[in-house]
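Here's the structure we're looking at; comments come further down.
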Amino acid sequence: MSFLSTKFEYNGTSSDEMGVRLIRVGEDTITQVLSSPKVLSRDHVKFKGNFYQGADTSFYTLSMKIMKINEEEHFTQDDRMELLRWLNNDSEFHPFIVREDFPGIEFIVQIVKVQFTTNAIGQGWYEIEAESNHPYPLTSLETIEFDLSNNTGTTIIELPNNCNTASYFVPNIMEFTLVGNATSFNLKNLTNSGLVLNFNNLPLLETVSIKSSQEILTGSGVEAISKFNFGYNALEMPYGLNRLEITGKCTLKFQLQYPIQI
């Protein structure tokens, strides 16, 4: 992959801070493969031929070249040690961001290969390959909050789903905190068949967090889980703007980070 922009960020550090920039070399063209290829899955049945079983996605690879911002400068040994400490010092996945090309998009990757090409006086560039841990790039993490402290009946809120890689998206985290004398919480997804999620008979001022992995965390401990109707599907949001009907006095927070094809 090549990028139009020369600036990028990796693991919270900008290329400007490190004194380097993205480059294109020679006749490099811009080929942007920003999601993993799909692998068709077939199951052979004797006498019946191949039967289509669906598609699996894997991961994507970013390839790039970087050099000094001032191309007349050469990389000293200290420069090279510092650069590799930045790019390749652990086995974790980190955000790679090119804001000018892809605003609001993060490639979550791990650097797997670093190769240096140079001339006799140390001028040159690094060729870098990075592997993703997800089939698609992700949008930057977004938090949307609603103050429903005066919600004596029901209130309809709107929540976006900008994920274009699946039919539904579940918020990374939904968290509510009861207010006043409220002891219950009810969410009805008017955009998804009126599916309902609710908690009843909770302690006053209880806080409940539901993660996209269906993990439930509560302020008062696991007893609150038994008071949940397991209407988890109500959190499945179709693409576009979702209308959610909320019953109960509370403050409500959603954290959203969409996989996306661009």
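Only the coordinates and a few stated rules stand behind these numbers; no lab work does. The shown structure was predicted, so the numbers you read here are calculated from the model rather than taken from an experiment. Counting neighbours? That spans all protein chains shown, and the Cβs are built from the backbone with ideal geometry, glycine included.
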The range 105-262 - Debye-derived log10 I(q)/I(0), Cα point model, q = 0.14, 0.16 Å⁻¹: -0.73, -0.89
Relative contact order of the range 135-221, defined on C-alpha pairs under 8 angstrom at six or more residues apart (%): 23
Net charge over other residues, Cβ less than 13 angstrom from the Cβ of Arg99 (K, R count +1; D, E count -1): -4
Order by protection proxy (mean Cβ within 10 Å, highest first), peptides 192-199, 131-138: 131-138, 192-199
Thr191 long-range amide H proximity, modeled H, under 5 Å: Arg243
Table column - 3J(HN,Hα) (Hz), the range 196-203, Karplus curve with 6.51, -1.76, 1.60, x for Gly and Pro: 10, 10, 8, 10, 10, 6, 8, x
Cα gyration tensor shape of the range 150-222, rounded if a/c is under 1.5, else prolate or oblate by comparing a/b with b/c: oblate
